[in-house]
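One structure is given below, encoded as structure tokens.
The values are calculated or read from the model by the stated rules, or taken from the named source; none is laboratory data. Predicted, not measured: the structure shown is a model, and the values here were computed from it. Every residue, glycine among them, receives a Cβ derived from its backbone with ideal geometry; neighbour counts consider all protein chains shown.
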Amino acid sequence: MSVHEMQAHLWSARNLVLAEKEKKDLVVVCPACLTTLTKTNHYLAEGSRFKRTVEAALKAASLQYWGSVKVRHLLEVIVNEVGEQEVKARIKRKLSGLKVAPYYGCQLTRPFGEIDDKEFPMILDRLLTWIGAEPVNFPLKAKCCGGLLMMTNEDVALGLNRNLLDCAKQNEAECIITICPLCHMNIETYQGDVNKMFGTDFKIPALYFTQLMGLAFGFTRKELGIDQEMISSRPLLEKYLEVVE
């Protein structure tokens, strides 16, 4: 979007067309993808300055978009479509007492606020409560982790990460639960660099929300990709789960 906005809209429009052909919603696990695709969807529906160019490009490829697709994040589908009763019915392990920091990142609810409140979302908190975890107060839950600034302005990005980690620690979170792969990578991968720059001692595990769900549902560590993380969650999980193979 920041390099060639029109090209970004064209790629997004093509994906919307392909989803429309399947007569299904387009579900993503990446909030950045959600933002880009949703922007294109909104702009085409509003008849923006992009619409004529996008429609001409689609026509050249023998494609047409009728605007029937809804772009959704997997978290929202689980909470709003699957629902509390179905989630709780699948629980095989209790996570009682596990204090987690629910981290949404800056793009899940922005810019349109369709999924939840832009500044203080609660949809992930609700899901974590359903599976038995204890979401802590986390005021920076919707603040930026630095994103791709790690590639262009690392000092700024590390500062943003430090703020998030410090907030989680101050509120006694034992791990951070993410819903964005890029946020997850930044928070976990760069803790050593944060510690080096700021003289801190952070070593907070990060788990993707589906991993924590999988643990509650009885999946194995291997099935969930746990024990491959850079900051091991094994001591934490063994504290709350008697046996996790």
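Points to keep in mind about this one:
Conditions (1) surrounded by 15 or more Cβ atoms within 10 Å (Cβ to Cβ); (2) under 20 Å from residue 38 (Cβ atoms); (3) of a type outside the set (Asp, Glu), marked per residue:
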{"site": "109", "(1), (2), (3)": "yes, yes, yes"}
{"site": "127", "(1), (2), (3)": "yes, no, yes"}
{"site": "134", "(1), (2), (3)": "yes, no, no"}
{"site": "137", "(1), (2), (3)": "no, no, yes"}
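- Scanning region 116-171 for residues that are part of a loop (DSSP other than H, G, I, E, B) and among the acidic types (Asp, Glu) returns 116, 117, 119.
- Only one of the listed residues (92, 99) is of a type in the set (Lys, Arg), out of contact with any Phe, Trp or Tyr (no Cβ under 8 Å at 6 or more places or on another chain) and in the same structural domain as residue 213 (by TED's automatic domain parsing). That residue is 99.
- So residue 1, is it part of a helix (DSSP H, G or I), farther than 20 Å from residue 117 by Cα and either among the aromatic types (Phe, Trp, Tyr) or in contact (Cβ under 8 Å) with a residue 24 or more places away in the chain (or both): no
- Qualifying residue in region 34-56 (condition: under 22 Å from residue 179 (Cα atoms), of a type in the set (Asp, Glu), at pLDDT 90 or above and not assigned by TED's automatic domain parsing to the domain that holds residue 146): no
- Hits in region 79-99 - residues which are outside any loop (DSSP other than H, G, I, E, B) and either at positive phi or under 22 Å from the mean Cα position of the chain (by Cα) (or both): 79, 80, 81, 82, 83, 84, 86, 87, 88, 99
- Among the residues making up region 166-187, those that are within 17 Å of the chain's Cα centre (by Cα) and polar (S, T, N, Q) are 178, 186.
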